[in-house]
Amino acid sequence: MADVAGKWNCVVKSPLGEQQSVLTVNSDGSGGWTGTNEGAQGALECKDGKVDGDAISWKMDMTVPMPMTLDCKATIDGDILNGSVTAGPFGTFPMAGTRA
């Protein structure tokens, strides 16, 4: 299981431009995790956090600019995070990050 716990400086490349945030991951040591993702529009709670080897996944319910659930997936390789965020009918956007 990858060492996912800690803070990650992330960037999502969305149609609205690059969205920067700090993802905080609190691993429970048994394949689950909780945390937050804090950016310019506030903090979102990470739900259904899972760790499977070097892969993590989670969901976030956003309300601004419109209500929607974001589905997130990433792979951890040391201090590098690479993944994607799926924003419902708006598509999937690349996400990259480094351990803070």
query = Taking the range 79-91, which residues are in contact (Cβ under 8 Å) with a residue 12 or more places away in the chain, open to solvent by 40 Å² or more (accessible area, probe 1.4 Å) and not charged (D, E, K, R)?
reply = Ile80, Asn82, Thr86, Gly88, Phe90
key: Residue list for the range 35-60, restricted to those being open to solvent by less than 80 Å² (accessible area, probe 1.4 Å), more than 21 Å from Asp77 (Cβ to Cβ) and in contact with an Asp or Glu (Cβ under 8 Å, 6 or more places away or on another chain)   = Thr36, Leu44, Lys47, Lys59, Met60
query = Restricting the search to the range 40-90, which residues are more than 20 Å from Val22 (Cβ to Cβ) and outside any strand (DSSP E or B)?
reply = Gly53, Asp54, Pro65, Met66, Pro67, Gly88, Pro89, Phe90
request  = Would you confirm whether any residue within the range 13-27 is at pLDDT 95 or above, within 16 Å of Asp3 (Cβ to Cβ) and open to solvent by 30 Å² or more (accessible area, probe 1.4 Å)?
outcome  = no
task = Take Cys72 and decide whether it is open to solvent by less than 60 Å² (accessible area, probe 1.4 Å) and closer than 14 Å to Ala96 by Cα.
result = yes
message = Testing Thr69 on (1) within 13 Å of the chain's Cα centre (by Cα); (2) more than 21 Å from Asn9 (Cβ to Cβ); (3) touching a residue at least 60 places away in the same chain (Cβ under 8 Å), one condition comes back false. Which one is that?
response = (3)
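The values are calculated or read from the model by the stated rules, or taken from the named source; none is laboratory data. Fair warning: this is a prediction, and the values are worked out from it, not measured in the lab. In this analysis, Cβ positions are derived from the backbone assuming ideal geometry, glycine residues included, and neighbour counts consider all displayed protein chains. Heavy atoms of the whole protein, side chains included, go into the accessibility calculation; ligands, DNA and RNA do not. Shrake-Rupley method; radii C 1.70, N 1.55, O 1.52, S 1.80 Å.
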